[in-house]
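The next block holds one structure in the form of structure tokens; read it before the comments.
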Amino acid sequence: MTTPSTPRILLAEDEEAMRAYLERALTKAGFEVTSVDRGTEAVPLLESEHFDLLLSDIVMPEMDGIELAQRCAELSPRTKVMFITGFAAVSLRASREQPHAKVLSKPFHLRDLVLEVERVFEEQREAQI
């Protein structure tokens with residue numbers, strides 16, 4: 001059972017092995033993780049639930065991560081956004097179109113991911129003080 005203060009992460013990653021890997025690592029680090037395999041599956045969750053962070057792959061079928069982040073900003077403006085990608089050019093586009101979002105390039109170590117996620121929540125806590 002998670003406490004209300006447990007940060008909630010919505011993970012959108014189309015690659016099954018990567019999704020399972022990230023979900024396991026973030027859960028082990030103490031986060032509550034809901035994962036989906038495409039952006040179009042994430043939108044109804046953003047409409048009906050609160051998430052502290054959207055962690056999204058950028059390149060996905062149906063709706064890419066940047067479009068998903070734009071929908072997230074409309075539906076849940078307080079939700080932070082972090083992208084993961086294996087494509088440098090896509091990373092540059094994400095930085096340009098979502099300047100407040102953190103972009104983590106694959107491959108990355110799980111420890112780095114967890115540290116970046118913790119840093120996002122730390123910044124969020126400091127902003128509320």
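What follows draws every value from the coordinates through simple rules; no lab data is involved. From a predicted model like this one, the values you see are computed outputs, not experimental measurements. Every residue, glycine among them, receives a Cβ derived from its backbone with ideal geometry; neighbour counts consider all protein chains shown.
Would you kindly state the longest site-free stretch of the chain, with sites defined as chymotrypsin sites (Phe, Trp or Tyr not before Pro) in a DSSP loop (not H, G, I, E, B) surrounded by at most 16 other Cβ atoms within 10 Å?
Numbers: sites that count: 87, 108.
That would be 1-86.
Backbone geometry of region 102-109 corresponds, through the Karplus equation with coefficients 6.51, -1.76 and 1.60 at θ = phi - 60°, to 3J(HN,Hα) couplings of 7, 10, 10, 8, 6, x, 9, 7 Hz, x marking Gly and Pro. The ellipsoid equivalent to the alpha-carbon distribution of the chain has semi-axes of 19, 16, 16 angstrom, derived from the gyration tensor eigenvalues as √(5λ) and listed largest first.
As a check on your grasp of the helix formula, calculate [θ] at 222 nm for the chain: sum -39500 (n - 2.57) over DSSP H runs of n ≥ 4, divide by the residue count, round to the nearest 500. Before the final figure, lay out the partial values.
On the way: 5 runs with 63 residues, N = 129.
Here the helix-only value at 222 nm equals -15500 deg cm²/dmol.
The loop-placed GluC sites (Glu not before Pro) in region 49-126, going by DSSP, that have at most 14 neighbouring Cβ atoms within 10 Å of their Cβ come out as 49, 62. Principal semi-axes of the equivalent ellipsoid, √(5λ) from the alpha carbon gyration tensor of region 84-128, are 21, 16, 4 Å from largest down. Cross-link partners for residue 80 among the aspartates and glutamates, with Cα-Cα distance under 13 Å and sequence neighbours closer than 8 places in the same chain left out: 52, 116, 118, 122, 123.
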